[in-house]
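**Student:** Can you keep this structure in mind? I'll have questions shortly.
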Amino acid sequence: ILVTVLAGAAAGSDRPVPPAKLASFATWFFNIFVFIQFGVVALLTPAYVAGTVADEKERKTLEFLLATDLAPREILFGKLAARVASLLMFVLAGLPVVAFLQLFGGIDPDLLLTATAAAAVTVLGFSAVAVFFSTTLKKPRDAIALTYLLLVAYLFGSFILAVYLIGVALRFGRQSGPWTETVLGFTIDMHP
C-alpha cells in the first residue's frame, strides 16, 4: 500500500519527490496508523479478554482447572497472559511498517516508541478491567458488555476532563492578575 501511494504521488513526473512531501506523507500515515491502532485495541481487547474466566464458568470447565495443582491466581494469570500476548502481536505487527516510514522523515523515533508503548499499556489496562468483570460475572456476554460500558464511560469522562482543562488553559492565557480556580472544593492559586 505504501509503495502504491508513493508511486501514485510521483506518477507523471520524472523528478524525485521532495523530502518535505515525503515527511508530510510519513507524518500523515503515522497519525492515521496510530488512530486506527488505538481503535482496534479498544474494540478487540474487551471482546477477546472479557470472556476468559466467564466462558469457563459457563461451560462448567472451571472446576476441572481448579482441581489441578495450579493455584487460582496461576490459572487466571496464565489465561490472561495468553490472551494479552496475542493482542500485543496486533500492536507489534504494524511496528516494522511504521519504523520503515522513519526513512522518509517526519516521524520522531521516540514518538514511535511512545505510541507503541501506549498501545501496549492500553491493552494491559483494558485487559485488567475485562478480567475483573470476567471473574465476577457468570456470563461472558455480561462481562463483555460491562467492560465496554465502563471503558466508554472512562473515555467520555476523559474527554470531558480534557475539554475542561483546555478551557482552564485558555482562561489562564488571558489572565493578567492573580487568579484562583476551585476544583472539587479545593481552591488552587493559578498565578504563575
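The values are calculated or read from the model by the stated rules, or taken from the named source; none is laboratory data. Fair warning: this is a prediction, and the values are worked out from it, not measured in the lab. For neighbour counting, all protein chains shown are included, and Cβ atoms are generated from backbone atoms with ideal geometry for every residue, glycine included. Just so you know, the surface numbers come from the protein's heavy atoms only, side chains and all, with ligands and any DNA or RNA stripped out. Shrake-Rupley method; radii C 1.70, N 1.55, O 1.52, S 1.80 Å.
**Student:** Which residue pairs have Cβ atoms under 9 Å apart, sit 6 or more places apart or on different chains, and have a first residue in the stretch 62-81 that is closer than 17 Å to residue 140 by Cβ and a second that is assigned to a loop (DSSP other than H, G, I, E, B) and open to solvent by 60 Å² or more (accessible area, probe 1.4 Å)?
**Tutor:** Listed by first residue and then by second, the contacts come to 75/68.
Okay, residues lined up against (1) charged (D, E, K, R); (2) under 21 Å from residue 90 (Cβ atoms); (3) crowded, with 16+ Cβ neighbours inside 10 Å:
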{"residue": "127", "(1), (2), (3)": "no, yes, yes"}
{"residue": "132", "(1), (2), (3)": "no, no, yes"}
{"residue": "141", "(1), (2), (3)": "yes, no, no"}
{"residue": "168", "(1), (2), (3)": "no, no, no"}
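**Student:** What single numbered condition from (1) modelled with pLDDT under 85; (2) part of a helix (DSSP H, G or I) fails to hold for residue 187?
**Tutor:** With (1) modelled with pLDDT under 85; (2) part of a helix (DSSP H, G or I) applied to residue 187, the lone miss is (2).
**Student:** Could I ask something else about it? Considering the stretch 57-73 alone, what residues qualify as being within 16 Å of residue 134 (Cβ to Cβ) and outside any loop (DSSP other than H, G, I, E, B)?
**Tutor:** Hits for the stretch 57-73 are 57, 58, 59, 62, 65, 66, 72, 73.
**Student:** Show the residue pairs that are 6+ apart or on different chains and have beta-carbon atoms under 6 Å apart, the first residue being within the stretch 92-121 and open to solvent by less than 40 Å² (accessible area, probe 1.4 Å), the second being outside any helix (DSSP H, G or I).
**Tutor:** Short answer, once both residue conditions are applied: 101/107.
**Student:** Which condition from (1) closer than 25 Å to residue 43 by Cα; (2) in a helix (DSSP H, G or I) is the one that residue 138 breaks?
**Tutor:** (2)
**Student:** Which residue pairs have Cβ atoms under 6 Å apart, sit 6 or more places apart or on different chains, and have a first residue in the stretch 143-156 that is in contact (Cβ under 8 Å) with a residue 12 or more places away in the chain and a second that is aliphatic (A, V, I, L, M) and not in a helix (DSSP H, G or I)?
**Tutor:** Partner pairs satisfying both residue conditions: 143/50; 143/137; 144/50; 147/50.
**Student:** Looking at (1) in contact with a helix residue (DSSP H, G or I) (Cβ under 6 Å, 6 or more places away or on another chain); (2) in a helix (DSSP H, G or I); (3) not basic (Lys, Arg), find the lone condition where residue 92 falls short.
**Tutor:** The single condition residue 92 does not satisfy is (1).
**Student:** State yes or no: is residue 91 of a type in the set (Val, Ile, Thr) and more than 15 Å from the chain's Cα centre (by Cα)?
**Tutor:** No; evaluated as a whole, the condition is false for this residue.
**Student:** Follow-up. Looking only at the stretch 20-56, which residues are within 21 Å of residue 135 (Cβ to Cβ), modelled with pLDDT of 85 or more, of a type outside the set (S, T, N, Q) and open to solvent by less than 30 Å² (accessible area, probe 1.4 Å)?
**Tutor:** 46, 49, 50
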